[in-house]
Amino acid sequence: MKLSTFIVSNLEVILVEWEDFAGSLAPLEDATKVELRDHAAAVLRVVARDLDTPQTEHESIAKSQGKAVSSDTDTAAELHAEERVAAGFSGEQVMAEYRALRSSVLRLWAKSTELTSREDIQDIIRFNEAIDQAQTESMARYTQMLREAQNLFLAILGHDVRTPLGAVSMGAQILLMDQTLPSKALKVGLRILNSSKRMDAIIRDLLDFSTTHLGNGIPIDPRTVDLLEICQHTLDEAKAFHPDRRFELVAEGNLTGAWDGQRMGQAFSNLISNAIQHSSANSAITISIIGSPQEITYTVHNDAEAISPTVLRTLFDPIKRFAIRPASERVGPRMQNLGLGLYVVKEIVTAHDGDISVTSSVNDGVTFTVRLPRQIPHRRYDD
């Protein structure tokens, strides 16, 4: 009996085994029969139809790699993933369901049919390809839903934190306006104000990080601005926060054009803050901004240890950077910041149709280079 025929003819038997296994998983211990079966029958019917559909060798390889042609509508496997997310399944449990389904079908088929022909072996190969494709679809949807939920959570958290932080900042400003207070109290007030500004910058990066994962990038509003003026203002802020550091600024050419000034100031500030954090206190930080007829080139250079190729590959991805850190650097005093700043810089530059690169060596230190074309970038969201 062909495997496709066996699946359709013995659907109920297979589903009973599926129920038994799904019911053994903690989230579905008290589930109904409908909840246990979920979209299992639909997934199996899709697999059976696939087994009866001719395919080329290229299609076979693509399917085994989870790269089959995508459907315009939600597949049974994708809908199954949504139900399992709602039921509280972990990714490992969703994967386990497909392993159990694969095992049950092949074992029951082997009991009912003597598998000896080349067609039987081909059926097994095709079946595994189809299950791999369904598993890939489920896990892709499962991961997407969790990622969107996490980013929405971060966005809400960032907005909620900003309200009490604004109250702290306003209170610090009121203290600084009271010149009758002793100098020690004024120093504490200034420290609170500076810390609240730093926290606001971190929250802003967090909100931008979550926003870019929920939509189509960072929103920008390009207008005619002078990048030199923005760069100098950003540098003045850095000097105020780090009066003991040395900064050198080189500016040449026409630096006026259509960009989002507030966002570019944020990008410049993040790059300078990164250079301050990752360089020795007695070294200079060199900033250059050069205007040519075609583009603007902005660089930030600092003397620092060479960045390894592994870290360079994930430098603008804070999640991957955090994932490859040693366990000792994920907690406690050795834990550095999350690296959201560089991610936000890259998104701002991309929103302006530009690009950012980084070079690092033992002799030359670390240099970030931003290139912005002289054109009006496409606005994000509020066109």
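The values are calculated or read from the model by the stated rules, or taken from the named source; none is laboratory data. Note that the coordinates shown come from a computational prediction; the quantities given were computed from them, not determined experimentally. Methodologically, a virtual Cβ is constructed for each residue, glycine included, from the backbone with ideal geometry; neighbour enumeration extends over all protein chains shown. These accessible areas exclude ligands, DNA and RNA; they are computed on the full protein's heavy atoms, side chains included. Shrake-Rupley method; radii C 1.70, N 1.55, O 1.52, S 1.80 Å.
I'd like to know which of Ser24, Phe6, Ala41 lies farthest towards the positive end of the charge dipole of segment 1-43, counting +1 on Cβ of Lys and Arg and -1 on Cβ of Asp and Glu.
Positive-end residue among those listed: Phe6.
For the chain, what does the helix formula give at 222 nm: sum of -39500 (n - 2.57) over DSSP H segments with n ≥ 4, over the residue count, nearest 500 deg cm²/dmol?
-19500 deg cm²/dmol
Along the Cα-to-C-beta direction of Asp74, a point sits 7 Å from the Cα; which residues of segment 102-145 have their amide N less than 19 Å from that point?
Output list for this probe position: 134-145.
Against the longest principal axis of the chain, how steep is helix 183-214, in degrees 0 to 90 to the nearest 10, with axes from Cα atoms?
30
Sum up the lysine pairs in the chain that clear both bars: alpha-carbon distance under 21 Å and a spacing of 8 or more or different chains.
So the count of such lysine pairs works out to 7.
Asn254 to Gln277: extension gain in nm, 0.36 nm per residue of separation minus the Cα-Cα distance?
So the extension gain works out to 5.2 nm.
Using a simple charge model, +1 on the beta-carbon of Lys and Arg, -1 on the beta-carbon of Asp and Glu, nothing else, what dipole does the chain show about its Cα centre, in debye to the nearest 20?
1240
With each label point set 7 Å from Cα along the Cα-Cβ vector, what nm distance links Ala42 and Ala149?
1.9
When Rg is the radius of gyration of the Cα atoms in the chain and Rh is its Kirkwood radius, what does Rg/Rh come to?
Rg/Rh: 1.12.
If Lys and Arg each add +1 and Asp and Glu each add -1, what is the summed charge of the other residues whose beta carbon sits under 13 Å from the beta carbon of Lys239?
-2
Based on the mean of other beta carbon atoms within 10 Å per residue, what is the order of 188-197, 271-280, most packed first?
Values: 188-197: 15.5, 271-280: 18.9.
Descending packing order for the listed peptides: 271-280, 188-197.
With the full set of protein chains in place, find how many percent of the accessible area of segment 160-289 is carbon and sulfur; take the probe as 1.4 Å.
For segment 160-289, the apolar C and S fraction of the accessible surface comes to 55 percent.
With the crude spin-label approximation of a point 7 Å out along Cα→Cβ, what separation in nm comes out for Met199 versus Ser361?
The two pseudo-label positions are separated by 4.4 nm.
Estimate the FRET efficiency between Arg162 and Ile124 by the formula 1/(1 + (r/R0)^6), using the beta-carbon distance for r and 35 Å for R0, to the nearest 0.05.
It comes out at approximately 0.05.
Give the angle, between 0 and 90 degrees and rounded to the nearest 10, that separates the Cα long axis of helix 118-177 from the longest principal axis of the Cα atoms of the chain.
With rounding to tens, the tilt is 30 degrees.
If only Cα atoms are counted, what is the Rg of segment 213-284, and what is its Dmax, in Å?
My reading of the Cα-based Rg and Dmax gives 14.2, 42 Å.
Report the net charge of residues surrounding Gly261, where surrounding means a beta-carbon distance below 11 angstrom and charges are Lys +1, Arg +1, Asp -1, Glu -1.
Once all neighbours under 11 Å are counted, the net charge is -2.
Between Ala304 and Glu59, what FRET efficiency comes out of the Förster formula 1/(1 + (r/R0)^6) with R0 = 56 Å and r the beta carbon distance, rounded to 0.05?
The value I calculate is 0.65.
First obtain the Kirkwood hydrodynamic radius of segment 1-146 from its Cα pairs, then insert it into the Stokes-Einstein equation at 20 °C and 1.002 mPa s, and state the resulting D in µm² per second as a whole number.
137
Could you give the length gained on full extension between Leu11 and Ala284, defined as 0.36 nm per residue of separation minus the Cα-Cα distance, in nm?
Answer, rounded to one decimal: 91.1 nm.
For helix 227-241, report the angle its Cα long axis makes with the longest principal axis of the Cα atoms of the chain; keep it between 0 and 90° and round to the nearest 10°.
Result, in degrees: 80.
Could you tell me what percent of the DSSP beta bridges with both partners in the chain are antiparallel, to the nearest 5?
Counting only bridges with both partners in the chain, antiparallel ones make up about 80 percent.
Given H placed on each backbone N at 1.01 Å, which residues far from Gly365 in sequence or on other chains put an amide H within less than 5 Å of it?
Here Ala304 satisfy the definition.
Just name one of Phe127, Leu193, Gly261: the one whose Cα is farthest towards the positive end of the charge dipole of the chain (beta-carbon charges, Lys/Arg +1, Asp/Glu -1).
Leu193
Please work out how much length the chain gains when fully extended from Gln294 to Glu114, using 0.36 nm per residue of separation minus the C-alpha to C-alpha distance, in nm with one decimal.
Stretched fully, the Gln294-Glu114 segment lengthens by 57.7 nm.
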